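Just below is one structure, and these are the notes that go with it.
The values are calculated or read from the model by the stated rules, or taken from the named source; none is laboratory data. Given the structure is predicted, the values throughout are model-derived calculations rather than measurements. With ideal geometry, Cβ positions are generated from the backbone for all residues, glycine too; neighbour counts draw on all protein chains shown.
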Amino acid sequence: MSPTQRHELLVRLHDDAKLSITTLAAMMDVDSADVEATIAELEASGIIRGYCAVINWDRIERDRVRGIIEVKVAPQREVGFDAVARRIYQYPEVKDVTLVSGSYDLQVIVEGQRIQEVARFVSERLATIEHVQSTTTHFVLKTYKVDGVVLDDDGGEQRLVISP
Amino acid sequence: MNALRNRLAPLARSLPPSGIRRFFDMASTMKDVISLGVGEPDFVTPWHIRESGLHALERGVTSYTANAGIFELRQAIARYLDGYGTVYHPETEILVTVGGSEAIDLAIRVLAGPGDEVLIAEPAYVSYRPLVHLSGATPVSVPLRPENGFRLDAKDVRARITPRTKALILCNPNNPTGSVLNRAQLESIAQAVRDADIFVVVDEIYAELTYGQSHVSLPSLPGMQERTVLIGGLSKAYAMTGWRLGYAAAPDFILHAMLTVHQYTILCAPAAAQVAGIEALAHGGPAVLAMVAEYDARRHLITRGLNELGLSCALPQGAFYAFPDIRSTGLSSEQFAEELLVHGRVAVVPGNVFGDQGEGFVRCSYATSIGQIEQALERTRMMLSAGRD
């Protein structure tokens, strides 16, 4: 598969990981075996790290709280921010860790069942990590769009069933 | 009541209802139907275009515009057409219309009348024939032949030219067949048209939706702009069908006549839609490319699927329609479409509604999601295998 086709395959899988090998092959006008081999290669090389569903958790009644935490870090000699980031992402409560430009350094997303749980995690675990200078916590109130998928509309077909 | 009905104008009474209507009525009453019968994009208009329409309303752009359309939009259309090798003057040669449909109507009205014959390359968009009929002229079918990939052959045009022939209407890229005419084919058609000294109405509403080849605009060929009415619009490329925004580009003497009719009947296209159209033409390119890439993948999926079902289908080169051959089922187009609707819960459009040459084929729109296409194919497979038992 050409680099362009590989890229197209990744974009299509990212948009819909449920597409079957046969469907992907038909959409890209290539052989199924080719798609299967390329996906295996992308998985083996660690480019594809996993597959997941996009879920509107707000529709589920279970308790679930997300905190977006701005973390300021004093970068360490030799390893910069990576060593601190690694210490943070080991915790299973931590869902995302990204290094960002601007007034803080690491953006960390933490999940828990209750606000107190997330607050305690921040004050007891995150804030106490060496070289972490400060944290600011924002609790998520409502999610409108996730990774390209809009969550707050019901979509629905607006078109006439048959038109010329 | 009946007595009054009989007093309607004979021309109106003689106009046959669209063949699509019956299927629409049937499908509308049924639940859980997957529709491959829709002749418009499944995407909503890109947000930046919708936003500019909203902004126009906020600013109070709610009055009539110039009859021919907002000048800035006509300039944007002229720049767009320039990209296809034609030079149109926005002051005198471009008219903004309520969809491509109005432009087709105006073109036929000003070019043809009683006693004239108008050639229509068929299968064709459903409005050409009735509009010719309404003009008082006689529609004459020029067949697009399946063995020729439904591409118009200049020989077929020449064979139907008479002293009464006034114009040729064709759609390229084609609705319903998905075929596209290349430069050489267009040149031979252009030669036939010039030799016969007739007008052409070319409907290029699907110009942006071609796959793996760039669109050749008929009036860009030598000696053609002076006798051609080019029909275009933003509906298909920019997913703007409901905004009702189309245009005609033609030599000033034709356009002036069209504008006069437009002034009396329509006055102007919707103002906010025109503002949105300016935004679409200025910045809509990337969104169009993304939609075309999506149609491209779906076109491969549906064509492969139909062929695997034993319904022979050429890979469409343009628009968003596959036009499979269903003659192997032994059913007529209407029978097939009805069976598929009633027993498979899939709506397609029988090919014969686009003209007799479409008999034996059905139009399947792939302007719908991958999931819907796959389900429709699966339902078709079940319907076909049940039929074989």
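Check every one of the helices (runs of 4 or more DSSP H) wholly within segment B:1-117 and list those with 2 or more residues that are hydrophobic (A, V, I, L, M, F, W, C) and under 25 Å from residue B:200 (Cα atoms).
B:71-82, B:99-111
Identify all residues within segment B:134-172 that are acidic (Asp, Glu) and buried (at least 17 other Cβ atoms within 10 Å of the Cβ); write none if there are none.
The answer is B:153, B:156.
Name, by its number, the condition in (1) more than 9 Å from every other protein chain (Cβ to nearest Cβ); (2) more than 23 Å from the chain's Cα centre (by Cα); (3) surrounded by 14 or more Cβ atoms within 10 Å (Cβ to Cβ) that does not hold for residue B:33.
(1) is the only condition that residue B:33 fails.
Being in a loop (DSSP other than H, G, I, E, B), small (Gly, Ala, Ser) and either surrounded by fewer than 21 Cβ atoms within 10 Å (Cβ to Cβ) or within 13 Å of chain A (Cβ to nearest Cβ) (or both): is that true of residue B:305 here?
no
Residue check, residue A:101 against (1) out of contact with any helix residue (DSSP H, G or I) (no Cβ under 9 Å at 6 or more places or on another chain); (2) of a type outside the set (D, E, K, R); (3) at pLDDT below 95, all met but one. Which one?
That leaves (3) as the condition not met.
Please state which of the following conditions residue A:66 fails to meet, knowing it meets all the rest: (1) surrounded by 15 or more Cβ atoms within 10 Å (Cβ to Cβ); (2) within 30 Å of residue A:9 (Cα to Cα).
(2)
So, residue B:362, is that one under 11 Å from residue B:176 (Cβ atoms), modelled with pLDDT of 95 or more and part of a helix (DSSP H, G or I) or not?
no
May I ask you to say which residue of A:85, A:17, A:74, A:40 is away from chain B (no Cβ under 14 Å), surrounded by 11 or more Cβ atoms within 10 Å (Cβ to Cβ) and in contact (Cβ under 8 Å) with a residue 24 or more places away in the chain?
Result: A:74 is the single residue among A:85, A:17, A:74, A:40 that is away from chain B (no Cβ under 14 Å), surrounded by 11 or more Cβ atoms within 10 Å (Cβ to Cβ) and in contact (Cβ under 8 Å) with a residue 24 or more places away in the chain.
Can you tell me how many residues in segment A:138-164 are in contact with a strand residue (DSSP E or B) (Cβ under 6 Å, 6 or more places away or on another chain) and under 30 Å from residue B:353 (Cβ atoms)?
Qualifying residue count, segment A:138-164: 2.
Kindly provide the set of residues from segment B:326-345 that are surrounded by 24 or more Cβ atoms within 10 Å (Cβ to Cβ) and not in a helix (DSSP H, G or I), ordered by number.
Answer for segment B:326-345, where residues must be surrounded by 24 or more Cβ atoms within 10 Å (Cβ to Cβ) and not in a helix (DSSP H, G or I): just B:326.
Would you be able to tell me the number of residues in segment A:146-164 that are within 14 Å of chain B (Cβ to nearest Cβ) and assigned to a loop (DSSP other than H, G, I, E, B)?
Residues that pass the stated criteria total 12.
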